[in-house]
Amino acid sequence: MNLKTITTGILAMLLIIGCSDDDSDDDNPVILDAGTLSGGPFGFTVDGVPDMVSGISLSGFNGVGDVQSYVITDADRNILGLPPTLEALEGVDFDGAGVGDCYIYHITHQAGLTGLAMGENLDGLDGDFDLSNFIMVNRGALDAGELSGGPYEFVVDGLPDMVSAIMLDATNLTGDNQTYVITDDSRNILGIPPTLEAVMGVDFDGAGVGDCYIYHLTYSTGLGGLEMGNNLDDITGEFDLSNFVEVNRLALDAGTLSGGPYEFLVDGMPDMVTTIALDDTNLNGNNQTYVITDDAKNILGIPPTLEAVMGVDFDGAGVGSCYIYHLTYSTDLGGLEMGSNLDNLTGLFDLSNFVVVNRNALNAGTLSGGPFMFSVDGTPDMVSGIALDDTNLTGTNQGYVITDDALNILGLPPTLEAVEGVDFDGAGIGLCLIWHITYEDGITGLAMGENAADLDGFFALSNSIRVYRNPNAGTISGGPFTFAVDETPDMVSGITLDSSNATGTNRTWVITDDQGNILGLPPTLAAVEGVDFDAAGSGICFIWYMRYEDGLTGLEMGSNVADLEGLYGLSNSIQVTRN
């Protein structure tokens with residue numbers, strides 16, 4: 001019988017016994033004695049399994065009293081049940097009352113007693129009664145015991161990681177069923193090892209990075225939700241969980257590099273890094289090395305130690321950027337070899353931050369000035385106003401180089417003053433290029449008659465300045481001419497050409513308007529004198545004589561002389577006014 005089903009109706013059903021009759025002697029009052037209970041105390045676990053007392057006996061009861069019963073209270077003497085007989089008492093299921101202490105009394109009382117009802121308190125009884133001693137019934141909660149050991153920290157590196165030295169203090173352990181439960185940090189069930197030995201056989205490395213929690217669980221039959229993939233918060237039934245032991249599964253950590261960035265000049269001189277340091281405060285992993293890559297993460301070197309890194313000559317890698325990493329990894333790492341790419345590494349590993357090494361090319365600065373247009377006429381022609389911006393200039397040796405348009409070296413003036421002292425008229429018709437050069441010792445091919453494209457060694461050339469050495473077209477005379485546009489042909493005459501100083505392979509005459517637009521290209525003086533200027537309408541024309549070299553572009557009717565590209569020379573002009 002459950003305590004909660006016992007009702008006060010029991011009292012109404014009890015036989016009234018021991019009533020005094022009219023012959024009672026007031027000088028001999030009734031002596032109530034509820035007797036003495038023996039048995040117990042009892043200790044039960046609230047686990048969903050019925051718990052009944054047994055072996056209780058009553059002695060010393062004198063049989064006096066109108067009503068006898070048993071009373072069950074909680075620790076505060078609140079009445080939980082009133083079983084009328086010892087048999088009824090031993091049918092009470094104390095598991096249903098939950099966790100706490102119960103007290104069993106025997107009571108005898110006279111008719112008229114008030115307050116003896118479920119939900120009342122023994123201290124509120126009013127009337128003639130006597131209570132026996134009590135027997136305690138302790139209803140304890142399930143107790144999963146207490147775990148000790150850990151916390152544990154493992155590195156997820158592909159190597160098995162097992163816990164050890166975990167112990168269960170079972171001093172207060174209760175419950176019919178026992179197991180262990182492993183969860184993640186959200187209480188999701190990852191494993192249910194049945195024994196402590198099974199717990200110590202679990203490989204926590206396989207769970208990946210994160211935190212695990214190991215519990216001991218005690219429970220009653222009928223537990224629901226205890227399965228992998230469920231959550232501890234969804235378990236139903238009677239159970240208790242112990243404290244937990246934490247297992248922290250850490251990712252590989254390659255530490256932190258400091259130092260740099262480094263700026264080196266690729267000049268044939270060894271360049272080594274210094275003062276690089278590795279902060280290994282959080283460093284873990286069984287295998288360590290350093291990796292040097294280019295800016296596309298291609299592996300250039302795998303120095304095993306920091307000392308080996310500092311012994312690398314970065315000048316030999318040529319122009320570009322290098323990146324230095326520290327690497328920690330597991331034994332099954334794949335793809336770690338020179339020529340491979342960091343993105344193709346396989347396995348468990350971690351890379352630190354990187355230190356940058358910039359390998360810069362030599363810089364010859366920037367030239368300004370020109371271009372220059374000279375006429376090859378026997379008169380010295382020198383450049384002027386050239387300047388060198390050496391803001392980013394690098395290199396041990398400096399000079400200037402003059403080449404033709406095929407990069408053949410024509411001169412090597414050592415200074416800008418020497419450049420401005422060169423007479424370009426003496427080089428004849430053609431195109432010259434002026435460069436500034438910076439270089440290191442050991443350069444080859446830097447000599448007159450060689451070609452700049454064949455230079456070998458560490459060097460850099462600036463931009464170039466163009467010097468055009470144009471043909472001389474000579475001098476024409478005649479005119480000027482003035483015509484009336486009247487539909488009568490108008491031709492020039494009496495024009496002469498002085499070509500004593502003229503140079504250039506090709507020749508022609510050019511007629512333009514006053515904007516330089518080409519109106520005609522008569523090939524000879526006779527052809528010029530055959531032109532009818534009346535047909536051109538009113539305006540101004542100019543007659544020129546031209547000498548030029550092969551490769552000239554833009555020499556065609558409709559073009560403008562300002563757009564000519566190549567080596568050419570124009571004479572003075574003769575004006576033809578058409579009114």
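The values are calculated or read from the model by the stated rules, or taken from the named source; none is laboratory data. A quick note: this is a predicted structure, and the numbers were derived from the prediction, not measured. Cβ placement follows ideal geometry from the backbone for every residue including glycine, while neighbour counts extend to all protein chains displayed.
Of note:
- Output for the range 511-558, where each listed residue is more than 20 Å from R578 (Cα to Cα) and assigned to a strand (DSSP E or B): Y545, M546, R547, Y548, T553
- Every residue from the range 286-305 that is of a type in the set (A, V, I, L, M, F, W, C), surrounded by 15 or more Cβ atoms within 10 Å (Cβ to Cβ) and more than 20 Å from S330 (Cβ to Cβ): I292, L300
- Check on D211, among the charged types (D, E, K, R) and outside any strand (DSSP E or B): no
- Taking residues in the range 175-203 that are on the phi > 0 side of the Ramachandran plot and in contact (Cβ under 8 Å) with a residue 40 or more places away in the chain, and partners anywhere that are surrounded by fewer than 16 Cβ atoms within 10 Å (Cβ to Cβ) and not acidic (D, E), the pairs with Cβ atoms closer than 9 Å and at least 6 places apart or on different chains are R187/N231.
- Some residue of the range 545-565 being within 60 Å of the chain's Cα centre (by Cα) and of a type in the set (D, E): yes
- Options P50, P84: the member that is in contact with a helix residue (DSSP H, G or I) (Cβ under 6 Å, 6 or more places away or on another chain), in a loop (DSSP other than H, G, I, E, B), within 20 Å of G127 (Cβ to Cβ) and in the same structural domain as A97 (by TED's automatic domain parsing): P84
- Yes/no for V163 being touching a strand residue (DSSP E or B) at 6+ places or on another chain (Cβ under 9 Å), on the phi < 0 side of the Ramachandran plot and in a strand (DSSP E or B): no
- Scan of the range 419-472 for residues that are hydrophobic (A, V, I, L, M, F, W, C) and free of Cβ contacts under 8 Å to residues at least 12 places away in the same chain, ordered by number: none
- For the range 211-249, the candidate set comprises residues that are free of Cβ contacts under 8 Å to residues at least 60 places away in the same chain and among the β-branched types (V, I, T); within that set, the residue that is surrounded by the most Cβ atoms within 10 Å (Cβ to Cβ) is I235.
- Matching residues, the range 259-285, being touching a strand residue (DSSP E or B) at 6+ places or on another chain (Cβ under 6 Å) and either under 30 Å from L159 (Cα atoms) or exposed (fewer than 13 other Cβ atoms within 10 Å of the Cβ) (or both): P261, E263, A277, L278, D279, N284, G285
- S571 modelled with pLDDT under 95, closer than 30 Å to V467 by Cβ, in the same structural domain as T482 (by TED's automatic domain parsing) and in contact with a Gly (Cβ under 6 Å, 6 or more places away or on another chain): yes
- Leading residue by the ranking (nearest to the chain's Cα centre (by Cα)) among those in the range 489-510 that are without any contact (Cβ under 8 Å) to a residue 60 or more places away in the chain and closer than 15 Å to T577 by Cα: M491
- Within the range 430-446, the residues that satisfy the criterion of being over 25 Å from D381 (Cβ atoms) and among the aliphatic types (A, V, I, L, M) are I443, L446.
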